[in-house]
Amino acid sequence: MITRRNMLLGTAALSALPALGNATQRDVLRASTIRQRIAPEPYAETDLWSFGGSFPGRTLRYKQGERLSLDLVNDLPGATSVHWHGIRIDNAMDGVPGLTQPAIPAGDTFTYDFALPDAGTYWYHSHLQTVEQMERGLYGALIVEEAEAPDVDRDLVLMLDDIRFTDEAQVDPEFDGFFDRSHGGRIGNVALVNGKIDESFDVKRGDRLRLRLISAANARIFELGLQGMSAHVVAYDGMPLIAPQPVTETFPLASAQRMDLIVDITDDSDAYLIQYERDGGYAAVHFNVSGGRDTTRPTPDALPPNPDFPIDLANAETLPILIAGGAMAGLDHAMYKGTRMTGRELAQENMFWALNGQVGRTETPLIEVSKGQTVRIGMANDTAFPHAMHLHGMHFAQVLADGTLGPLRDTILIESQGQIEIAFNAHNPGDWLFHCHMLSHHAAGMGSFIRVI
Ligand code: C2O
Ligand code: CU
């Protein structure tokens with residue numbers, strides 16, 4: 001799939017292909033280094049890596065059922081790849097170097113071309129050296145519109161991140177620090193929405209907005225709240241809820257998670273998306289409210305459902321996963337690169353976490369199941385930290401205490417010492433990563449894969 005554009009252009013045979021060229025109509029997404037202002041003057045602009053020339057990367061918008069077809073041109077100083085987070089995608093297009101494709105070397109082009117079966121809020125990001133590449137800015141929103149979109153005045157993408165800056169407002173270049181890898185991951189010191197420290201929008205009283213929240217943070221779990229608006233959650237991780245849920249309290253958004261909210265601006269005073277920290281709440285997004293109408297709107301309708309792959313709990317394969325390691329609950333021993341090692345030996349390798357006693361991905365999947373089989377994964381988090389566990393290629397539901405299923409998700413937060421059972425229909429053939437989306441944890445061992453044949 002890797003093509004060198006300059007070689008292709010010199011090929012005489014290409015003149016025979018214009019018809020094919022028309023049929024495929026590919027977009028181009030260029031990965032490159034950029035400089036962008038994040039911190040105010042007199043700070044310098046920040047050196048970043050970008051998909052499409054901006055930070056966050058270009059927002060990609062398609063209609064449900066369309067194909068995404070683009071040439072990823074790698075003008076970065078190093079290799080990269082693109083993962084389309086949350087898309088129930090053709091495995092060959094999943095963008096995981098060493099599992100579904102080779103990394104795209106600097107100077108090369110890779111064609112991503114796949115169907116978009118589900119409407120919703122997704123995102124794309126590098127899946128190579130993610131602690132560094134995502135922190136430097138290699139991510140963007142991927143929006144798949146419903147055939148019949150809800151009736152709103154504005155549809156706003158809000159990509160949340162936190163970035164760790166040096167005193168010169170540059171991305172701190174220490175990406176493999178032992179502390180981040182063994183504790184809560186790389187937590188930043190500057191909070192951003194859409195790459196800005198002061199994102200704001202002008203709205204009117206009575207406006208109905210769709211807010212698409214996406215967390216691109218390396219590790220931080222945002223605690224969020226709303227002020228000056230009434231809100232309903234209509235989707236998690238792209239997938240519509242059967243019934244919209246009113247937002248009455250603060251809510252968490254872990255790394256890689258998304259939430260679609262329908263909010264109504266209810267009064268004249270300004271409205272906010274608030275980010276809570278230990279010492280209080282901060283305005284993550286400011287909505288400047290000016291005069292408007294006084295209509296009260298009815299509760300929003302549910303979004304139209306995406307294709308359903310029913311979960312058959314009674315006839316499921318089960319997979320227990322023990323999440324272990326990290327500071328304060330260090331590994332006694334675990335397997336790494338085919339060798340049984342002590343926690344101390346692993347720490348010398350800068351590796352700290354294990355799934356079922358295995359540090360990092362091997363050639364062997366956690367489980368191999370046949371297509372259409374339901375899988376139940378019982379996770380136990382025997383560590384001192386929460387983790388944002390993500391499955392590629394398929395959405396899962398939490399199996400609740402009463403045996404019913406929670407909403408479909410692709411990333412779920414499991415608290416320290418927590419136990420969560422999830423289940424999914426293994427409808428999508430291929431090798432699918434299952435890993436912690438706290439990127440330093442994944443890099444330090446917390447990831448494996450599931451094979452569907
Ligand atoms: Cu956002 Cu392995 O993925
Ligand atoms: Cu983790």
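With respect to THR130, is the statement that it is open to solvent by 10 Å² or more (accessible area, probe 1.4 Å), away from ligand 1 (no atom under 13 Å from the Cβ), at negative phi and polar (S, T, N, Q) true? No; evaluated as a whole, the condition is false for this residue. Just give me the residues in segment 73-96 being closer than 14 Å to SER126 by Cα, more than 11 Å from ligand 1 (Cβ to nearest atom) and buried (at least 22 other Cβ atoms within 10 Å of the Cβ), in sequence order. Correct list: ASN74, LEU76, THR80.
The strands (runs of 3 or more DSSP E) located wholly in segment 384-453 that include 3 or more residues which are within 16 Å of ligand 1 (Cβ to nearest atom) and in contact with a Lys or Arg (Cβ under 8 Å, 6 or more places away or on another chain) occupy 430-436, 447-452.
A single entry from LEU128, LEU156, LEU192 fulfils the requirement of being within 22 Å of the chain's Cα centre (by Cα), assigned to a loop (DSSP other than H, G, I, E, B) and away from ligand 2 (no atom under 16 Å from the Cβ): LEU128.
For ILE422, are the conditions met, namely being within 16 Å of ligand 2 (Cβ to nearest atom) and over 27 Å from GLN101 (Cβ atoms)? Considered against the rule, which asks whether it is within 16 Å of ligand 2 (Cβ to nearest atom) and over 27 Å from GLN101 (Cβ atoms), ILE422 comes out as no. Taking the conditions (1) on the phi > 0 side of the Ramachandran plot; (2) small (Gly, Ala, Ser); (3) away from ligand 1 (no atom under 16 Å from the Cβ); (4) open to solvent by 10 Å² or more (accessible area, probe 1.4 Å) in turn, ALA169 satisfies each one other than (4). When the residues of segment 406-451 are filtered to those that are charged (D, E, K, R) and touching an Asp or Glu at 6+ places or on another chain (Cβ under 9 Å), the one that is nearest to GLU132 (Cα to Cα) is ASP410.
Against the definition (within 11 Å of ligand 2 (Cβ to nearest atom), touching a helix residue (DSSP H, G or I) at 6+ places or on another chain (Cβ under 8 Å), touching a residue at least 60 places away in the same chain (Cβ under 8 Å) and more than 14 Å from ILE311 (Cβ to Cβ)), how does TRP353 come out, yes or no? Yes, satisfied.
GLY372 - would you say it is small (Gly, Ala, Ser) and closer than 25 Å to GLY95 by Cα? So GLY372 fits the description; yes.
Return the residue satisfying two criteria in turn: it lies in segment 133-166 and is open to solvent by 30 Å² or more (accessible area, probe 1.4 Å) and among the β-branched types (Val, Ile, Thr), and of such residues it is farthest from ALA44 (Cα to Cα). By that ranking, first place goes to VAL152. If you go through segment 328-359 and keep only what is aliphatic (A, V, I, L, M) and not in a helix (DSSP H, G or I), you end up with MET328, ALA329, LEU331, ALA334, MET335, MET341, MET351, ALA354, LEU355, VAL359. Look at ILE262 and say whether it is surrounded by fewer than 21 Cβ atoms within 10 Å (Cβ to Cβ), within 22 Å of the chain's Cα centre (by Cα) and among the β-branched types (Val, Ile, Thr). Criteria not met by ILE262.
If you go through segment 243-268 and keep only what is assigned to a loop (DSSP other than H, G, I, E, B) and in contact (Cβ under 8 Å) with a residue 60 or more places away in the chain, you end up with ALA254, SER255, ALA256, GLN257, THR266, ASP267, ASP268. Quick one: in segment 321-374, which of the residues that are open to solvent by 70 Å² or more (accessible area, probe 1.4 Å) and closer than 20 Å to HIS392 by Cβ is nearest to ligand 1 (Cβ to nearest atom)? That would be ARG361. ASN218 meets the conditions (1) open to solvent by less than 10 Å² (accessible area, probe 1.4 Å); (2) assigned to a strand (DSSP E or B); (3) polar (S, T, N, Q) in every case but one. The failed one is (2). Filtering segment 5-43 to residues that are exposed (fewer than 13 other Cβ atoms within 10 Å of the Cβ), at pLDDT 90 or above and assigned to a loop (DSSP other than H, G, I, E, B) leaves PRO40, GLU41, PRO42.
The values are calculated or read from the model by the stated rules, or taken from the named source; none is laboratory data. Note that the structure is a prediction, hence the values are computed from the model and not measured. Cβ atoms come from the backbone with ideal geometry, glycine included; neighbour counts cover every protein chain shown. Just the protein is used for accessible areas: all its heavy atoms, side chains included, with ligands, DNA and RNA removed. Shrake-Rupley method; radii C 1.70, N 1.55, O 1.52, S 1.80 Å.
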